[in-house]
Amino acid sequence: MHHQAAEHDVERLVWESEPLDHPNLEINGQVAPRRFRAGPANLLRSRIDSDNAAGGANARLDLHRQRSRAAAHVEHFKLLWEALMAELSERGFEEITVKDICERAMVHRTTFYKHYEDKYALLEQGIRQMYDALVGEEEHLPPSAYSVEQPPPYFIRLFEHAAQNRQFYKLMLCGEGIGRFQKLVKEYIAEVASAKVQAWHPAHQHFAVPLAMQAQFFAGAVLSLLAWWLENDMPYSPYQMAQYLLSFHGPSPSHP
């Protein structure tokens, strides 16, 4: 129906009795512009092409708007997260309100609720981002490649990441801390330790202590050591801490 109507409108502009290549097609005694000499099919095609071009422009505009909204969300998260961290350095999480966070961030509460259901959702996003930054691609090297002089890179990276995000880790791990983040990091360490021990030992090998128990024990020890390191203003470098951690675990090639 749409194409038929369009074609009808176009045909009103063309004299079917005149050849399309007529050099002197006239309207009321005046030479007709070339656009009236194109014929109904070409004019209809021109109109469709114009509609397609408009559709493409609208799609680009929508993409631009989506990117702008995404950029605004990132900027709002940064401001709100920094405000939350500042509030946490002064009082407990349960005492902090969305109003406190927004006032410090200078972000309207309406904007906050466009992105987050409550302060717990903001905290969860921040924790997830930190956790994702911590969890990177692991090096798949045999235990013989490591020694106290050359500790595993994932040991070093853990302490480096804590040093780079010192305030966050102190708030999450030290004192009362935030149980959600502690659980995520502990699960990460236990998962890495368990996977590496399994990869480095024959299948179905019997362990005197169940592997899952070993991994949990090791992860708890790492978290305690990390919290101590932060509470004491990081007296040793991340590399040294990785060396000490490996020493605590023993020189056995079965270490994770």
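The values are calculated or read from the model by the stated rules, or taken from the named source; none is laboratory data. Predicted model, so just to flag it, every value in this text is computed and none were measured. Methodologically, a virtual Cβ is constructed for each residue, glycine included, from the backbone with ideal geometry; neighbour enumeration extends over all protein chains shown.
Tabulated results
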{"read-out": "Which numbered condition ALA105 fails, given (1) aliphatic (A, V, I, L, M); (2) within 23 Å of ASN165 (Cα to Cα); (3) under 16 Å from the mean Cα position of the chain (by Cα)", "value": "(3)"}
{"read-out": "Within the stretch 87-117, tally of residues that are in contact (Cβ under 8 Å) with a residue 24 or more places away in the chain, surrounded by fewer than 11 Cβ atoms within 10 Å (Cβ to Cβ) and assigned to a helix (DSSP H, G or I)", "value": "0"}
{"read-out": "Leading residue by the ranking (nearest to GLU87 (Cα to Cα)) among those in the stretch 136-182 that are small (Gly, Ala, Ser) and at pLDDT 65 or above", "value": "GLY177"}
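Listed here are the residues, each with its yes/no results for (1) touching a helix residue (DSSP H, G or I) at 6+ places or on another chain (Cβ under 8 Å); (2) modelled with pLDDT of 95 or more.
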site: LEU43; (1), (2): yes, no
site: ARG47; (1), (2): yes, no
site: PHE77; (1), (2): yes, no
site: GLU82; (1), (2): yes, no
site: GLU94; (1), (2): no, no
site: THR97; (1), (2): yes, yes
site: CYS102; (1), (2): yes, yes
site: HIS115; (1), (2): yes, no
